[in-house]
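**Student:** Quick one: the structure is below, questions incoming.
Read-outs: derived from the displayed coordinates by stated rules, not from any lab. All values derive from a computational prediction rather than experimental measurement. Note that we place each Cβ from the backbone using ideal geometry, even for glycine, and neighbour counts take in every protein chain shown.
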Amino acid sequence: MKRLAAVTGASRGLGKALVEEFSEAGWAVIAVFRSRLSPKSWRSSDFVEVVVHDVRSEDITELSSVVGKRPVDLLINNAVQGAKHHDLGSISSSELMNAVDVNVGGPLRLVQALLPNLLAASNPLIINVNSRLGSVSAQARGDFSDLSTSYAYKISKAAQNMLTISMAQDL
């Protein structure tokens with residue numbers, strides 16, 4: 001049986017490259033897209049199944065039905081929500097909450113939904129793709145003071161780091 005990987009944020013960039021690499025290496029891959037606009041290019045592969053799912057949604061029915069009872073060897077939470085407001089005076093709480101919902105809530109919901117499948121695998125792995133901008137210690141040192149990055153992105157990625165640590169300790 002082929003090992004199974006699920007990758008969110010698979011429509012472009014790193015997510016798309018991960019889907020290509022794992023499918024070329026012989027893995028079965030579930031590529032998770034936010035909308036129906038992108039998945040056409042993956043339909044030609046025998047190793048890739050496409051699921052349209054917005055990680056902000058609590059409804060995980062379609063993904064669960066595609067995965068079924070198969071063990072999931074690898075879950076890569078790559079979907080990301082950036083934000084455009086870079087200064088304290090312009091960030092809104094809704095912008096912050098949207099970034100937290102995607103960057104923290106999304107991985108949490110996916111892990112919860114696929115937990116039985118992950119636990120059924122012999123050596124499951126969960127990867128939450130993060131950013132150095134989410135490092136509290138690096139931010140406190142001022143390592144990125146020359147970069148213009150949004151409050152919402154930095155805060156949500158720091159929270160994702162804590163989620164990752166908490167899940168690692170729990171699992």
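**Student:** Using mean Cβ contacts within 10 Å as the protection proxy, how do 71-78, 12-19, 156-163 order, highest first?
**Tutor:** The densest-packed peptide leads the list: 71-78, 156-163, 12-19.
**Student:** List the relative contact order of the chain as a percent without decimals, with contacts defined as Cα pairs under 8 Å and 6+ residues apart.
**Tutor:** 22
**Student:** Tell me which label goes with the value of mean projected area of the Cα convex hull in nm² computed from the coordinates here: (1) 10.7; (2) 15.6; (3) 11.7.
**Tutor:** (1)
**Student:** With a 10 Å Cβ neighbour count serving as the proxy for reagent exposure, in which order, fewest first, do LYS84, LYS2 appear?
**Tutor:** Fewest to most other Cβ atoms nearby, the residues stand as LYS84, LYS2.
**Student:** Still on this structure: As a test of the formula, what do you get for the chain when each DSSP H run with n ≥ 4 contributes -39,500 (n - 2.57) and the sum is divided by the residue count, at 222 nm and rounded to the nearest 500 deg cm²/dmol?
**Tutor:** -12000 deg cm²/dmol
**Student:** Take the alpha carbon atoms of segment 1-22, find their center, do the same for segment 155-169, and report the distance between the two centers in whole angstrom.
**Tutor:** Cα centroid to Cα centroid, the span is 22 Å.
**Student:** Of the cross-linked pairs LYS2/LYS157; LYS2/LYS69; LYS84/LYS157, which ones have a Cα-Cα span greater than 22 Å in the structure shown?
**Tutor:** LYS2/LYS157
**Student:** Might you report the magnitude of the Cβ-based charge dipole of segment 16-148 about its Cα centre, with Lys and Arg at +1 and Asp and Glu at -1, to the nearest 20 debye?
**Tutor:** 140
**Student:** Can you find, among VAL104, ASN78, SER35, the residue sitting farthest towards the positive end of the charge dipole of segment 4-170, where Lys and Arg contribute +1 and Asp and Glu -1 at Cβ?
**Tutor:** The residue sitting most towards the positive pole is SER35.
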